[in-house]
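Only one structure is covered here, and it is reproduced in the block below.
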Amino acid sequence: MTTTDLNLTTLLNVSDLHKATQGGCSLTGTGFQFYYLPTVYIMVFVTGLVGNSLAIWMFVCHMRPWSSISVYMFNLALADFCYVLSLPFLIFYYFNKTDWIFGDVLCRLQRFIFHVNLYGSILFLTCISVHRYTGVVHPLKSLGRLKKKNAVLTSALVWVVVIAGISPILYYSRTGQKRNATTCYDTTTEDELPGYFIYSMCLTVFGFCIPFIIILGCYGMIVKALICNDMTNAPLRRKSIHLVIIVLAVFAVSYLPFHVMKNLNMRARLYFQVPDMCDFNNRVYATYQVTRGLASLNSCVDPVLYFLAGDTFRRKFSRATKKQSKKGEELPVQSKSEETALNSLPEYVKNRDGQF
């Protein structure tokens, strides 16, 4: 072997060592996401589309005039509805083995809509929780504060804050080539990862941790009021209990695991790229994919919240469905009456002619 060959071999070995220490962990055993994620997204799409369409129909056609909490719930349903309409692109993407064919703009828009729904839902649930806390714990003080106008202004502010806070996603999310396929990054490329990690941590603190602390504080005071006070308003008591259970379940199943695993996965991509940590990185990535599916479940769980914890939603929904069923029953009866009248018309004319 010549000196040139030895030098070339040495360079190759150094290059391999650099890859192993700087970014040598290749993901393995991730094929399950091609079946798990589209299956979850199909379920969320079907149930979320039906549930949120019914909710929007109820709020627009049968819940007027709106109460303050109905304003927040309508905006929550609207955010969920916009998200489920974007899911067919993701369903096809994962069935297509993560080969994105819809272009860079739609990739950025897809990730943007997901995050707007995620943090919009968290903030609207926070508004609903604070509203319920005020009504249960401070009923007299809240009489002049829980106005629909304030709810409308607060909802508009939530949309502005969320869209402004999520707008950097339109920069970080993009398409890229990976293994002869076009990937639509749900976070960002390796080059932009350090900046995105800082941005993601800020989103986690201000978009998740602070609202979650507020919600826990509100629910702690609500539970205390329900236990210590002899509340005569049984419907309000029941709706408050349902609200506490459903929202805490959504946070525990959807939001908390997603934020923990998303940031842990990015930290692993940044700092744990050594051979000894490759198995750990694979487990973190696989768990993160599971939590991504769980994070979308809130869009099909929120309609249950409207039904169980909304102001008169259940009663008006029952009345609306009964009204629609009665219309369906009256139509055949009316048609049968018209048919009978038409059939008897010739006989009536004949009898009338015979009289002349």
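The values are calculated or read from the model by the stated rules, or taken from the named source; none is laboratory data. Since the model is a prediction, treat every value here as computed from it, not as a measurement. Note that each Cβ is placed from the backbone with ideal geometry, even for glycine, and that neighbours are counted across all protein chains shown.
Would you confirm whether any residue within segment 211-218 is surrounded by fewer than 20 Cβ atoms within 10 Å (Cβ to Cβ), β-branched (V, I, T) and either in contact with a Leu (Cβ under 9 Å, 6 or more places away or on another chain) or not in a helix (DSSP H, G or I) (or both)?
no
Which residue pairs have Cβ atoms under 8 Å apart, sit 6 or more places apart or on different chains, and have a first residue in segment 46-75 that is polar (S, T, N, Q) and a second that is part of a loop (DSSP other than H, G, I, E, B)?
Close Cβ pairs satisfying both conditions: S67/D311; S68/L146; S68/K147; S70/M63; S70/G310; S70/D311.
Looking at (1) modelled with pLDDT of 90 or more; (2) more than 25 Å from V160 (Cβ to Cβ); (3) surrounded by 14 or more Cβ atoms within 10 Å (Cβ to Cβ), which one does V50 not meet, given that it meets all the others?
(3)
Working only within segment 283-301, note down all residues that are of a type in the set (G, A, S), part of a helix (DSSP H, G or I) and closer than 16 Å to H115 by Cα.
Restricting attention to segment 283-301, the residues satisfying the condition of being of a type in the set (G, A, S) are 286, 293, 295-296, 299.
Next cut, part of a helix (DSSP H, G or I) only: 286, 293, 295, 299.
Listed by number, the residues that qualify are G293, A295, S299.
Looking at segment 266-285, which of its residues are free of Cβ contacts under 8 Å to residues at least 40 places away in the same chain and not charged (D, E, K, R)? Even if it seems obvious, please write down each step before you answer.
Pass one, segment 266-285, residues free of Cβ contacts under 8 Å to residues at least 40 places away in the same chain: 268, 271, 276, 279-280, 283-284.
Those that are free of Cβ contacts under 8 Å to residues at least 40 places away in the same chain and not charged (D, E, K, R): A268, Y271, F280, V284.
Kindly check whether there is at least one residue in segment 68-84 that is surrounded by fewer than 21 Cβ atoms within 10 Å (Cβ to Cβ), at pLDDT below 95 and either among the hydroxyl-bearing types (S, T, Y) or not in a helix (DSSP H, G or I) (or both).
Within segment 68-84 (the criterion being surrounded by fewer than 21 Cβ atoms within 10 Å (Cβ to Cβ), at pLDDT below 95 and either among the hydroxyl-bearing types (S, T, Y) or not in a helix (DSSP H, G or I) (or both)), the answer is no, since none of the residues qualifies.
Looking at D80, is it more than 21 Å from the chain's Cα centre (by Cα) and within 30 Å of G31 (Cα to Cα)? Working first, answer last.
Details: more than 21 Å from the chain's Cα centre (by Cα): no; within 30 Å of G31 (Cα to Cα): yes.
Criteria not met by D80.
Report, by residue number, each residue of segment 173-198 that is farther than 21 Å from Y271 by Cβ and either hydrophobic (A, V, I, L, M, F, W, C) or part of a strand (DSSP E or B) (or both). Walk me through how you get there before you give the answer.
The initial filter retains those residues of segment 173-198 that are farther than 21 Å from Y271 by Cβ, namely 173-184.
Those that are farther than 21 Å from Y271 by Cβ and either hydrophobic (A, V, I, L, M, F, W, C) or part of a strand (DSSP E or B) (or both): T175, G176, Q177, K178, A181, T182, T183, C184.
Can you go through R132, R108 and tell me which one is modelled with pLDDT of 95 or more, outside any loop (DSSP other than H, G, I, E, B) and among the charged types (D, E, K, R)?
Working: R132 fails: modelled with pLDDT of 95 or more.
On inspection, the qualifying residue turns out to be R108.
If I filter segment 191-208 down to residues being of a type in the set (A, V, I, L, M, F, W, C) and touching a residue at least 12 places away in the same chain (Cβ under 8 Å), which single residue comes out as surrounded by the fewest Cβ atoms within 10 Å (Cβ to Cβ)?
Taking segment 191-208 first, the residues of a type in the set (A, V, I, L, M, F, W, C) are 193, 197-198, 201-203, 205-206, 208.
Next, from what is left, pick out any that are touching a residue at least 12 places away in the same chain (Cβ under 8 Å): 193, 197, 201, 203, 206, 208.
On the way: L193: 18, F197: 18, M201: 15, L203: 21, F206: 13, F208: 19.
Looking at residues that are of a type in the set (A, V, I, L, M, F, W, C) and touching a residue at least 12 places away in the same chain (Cβ under 8 Å), I get F206.
Give segment 271-282 a look and list any residue that's assigned to a helix (DSSP H, G or I) and either touching a strand residue (DSSP E or B) at 6+ places or on another chain (Cβ under 6 Å) or over 17 Å from T187 (Cα atoms) (or both), or say none. Step through it out loud before you land on a result.
From segment 271-282, those assigned to a helix (DSSP H, G or I) are 271, 275-282; that's our starting set.
Answer for segment 271-282, where residues must be assigned to a helix (DSSP H, G or I) and either touching a strand residue (DSSP E or B) at 6+ places or on another chain (Cβ under 6 Å) or over 17 Å from T187 (Cα atoms) (or both): P275, D276, M277, C278, D279, F280.
Suppose the filter is touching a Lys or Arg at 6+ places or on another chain (Cβ under 9 Å), in contact (Cβ under 8 Å) with a residue 60 or more places away in the chain and under 22 Å from M73 (Cβ atoms); does C218 pass it?
When the stated conditions are applied, C218 passes them.
Quick grid of which residues meet (1) surrounded by 15 or more Cβ atoms within 10 Å (Cβ to Cβ); (2) among the basic types (K, R); (3) under 29 Å from P65 (Cα atoms):
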{"site": "L90", "(1), (2), (3)": "yes, no, no"}
{"site": "G103", "(1), (2), (3)": "no, no, no"}
{"site": "C107", "(1), (2), (3)": "yes, no, no"}
{"site": "F114", "(1), (2), (3)": "yes, no, no"}
{"site": "N117", "(1), (2), (3)": "yes, no, yes"}
{"site": "S129", "(1), (2), (3)": "yes, no, yes"}
{"site": "N150", "(1), (2), (3)": "no, no, yes"}
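Are there any pairs with C-beta distances below 8 angstrom linking a residue in segment 239-260 that is farther than 16 Å from S296 by Cα to a residue that is assigned to a helix (DSSP H, G or I) and charged (D, E, K, R), with the two at least 6 apart or on different chains, and if so which?
K239/R132; S240/R132; L243/R132
Specify which of the listed residues (L264, L243) is among the aliphatic types (A, V, I, L, M), part of a helix (DSSP H, G or I) and either touching a Lys or Arg at 6+ places or on another chain (Cβ under 6 Å) or within 24 Å of F307 (Cβ to Cβ) (or both).
L243
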